[in-house]
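Take a look at the structure set out below.
The values are calculated or read from the model by the stated rules, or taken from the named source; none is laboratory data. Remember, predicted model here, so these are calculated numbers, not experimental data. Neighbour counts are summed over all protein chains in view; Cβ atoms, including those assigned to glycine, are modelled from backbone coordinates with ideal geometry.
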Amino acid sequence: DREIAMQAELKRHERDTRLKKKLKDSSFGGRQMPQMLQENKDKVQTANPISYIDSYDSPILIVHGDKDTLVPFHQSEILHAALKKEQVETTMITVKGAGHGKGFGPDVGKNVANFFDHHLLGKKVNWQDHSLTASFKKRKP
């Protein structure tokens, strides 16, 4: 088991080194996004994290607000599906009504803690994909 873990770590390191080199060598310039995407498909693929998923990856927790205007929610769905396809253990928590990193509320924090307790500390925690409702704190006047 130790040898397999060492081989997996070496493979991840080699992959990360390749990714860093490719990203360092990539330059998109100041062109408009759609044009840039079409003209630089190889560079876009290099920057796409899905290109680097393999079965040696650690468990992944995705937490995404379904009202996010910065990062489209569908991108998390695509990532989640790609991880599952490669048999990487992945969990996706959809925070209904939440935007980009705001309004997630205490339930998300509890779920994140459970994820780490399960995967890092080996505690037996029932785990599945699920949705939570955003809880927004009212600001004091």
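Among the residues of region 74-130, those that are touching a residue at least 40 places away in the same chain (Cβ under 8 Å), among the hydrophobic types (A, V, I, L, M, F, W, C) and closer than 17 Å to Ser58 by Cβ comprise Val112, Phe115. Please verify whether region 20-38 includes one or more residues that are part of a helix (DSSP H, G or I), among the polar types (S, T, N, Q) and modelled with pLDDT of 80 or more. No, there is no match, as no residue in region 20-38 is part of a helix (DSSP H, G or I), among the polar types (S, T, N, Q) and modelled with pLDDT of 80 or more. Could you say whether any residue in region 40-53 is surrounded by 12 or more Cβ atoms within 10 Å (Cβ to Cβ) and at pLDDT below 75? No, region 40-53 contains no residue that is surrounded by 12 or more Cβ atoms within 10 Å (Cβ to Cβ) and at pLDDT below 75. On the given criteria, is Lys84 over 23 Å from Glu9 (Cα atoms) and among the charged types (D, E, K, R)? So Lys84 does not fit the description; no.
Please tell me if Gly122 is loosely packed, with under 12 Cβ neighbours inside 10 Å, under 27 Å from Ile4 (Cβ atoms) and at pLDDT below 90. Yes.
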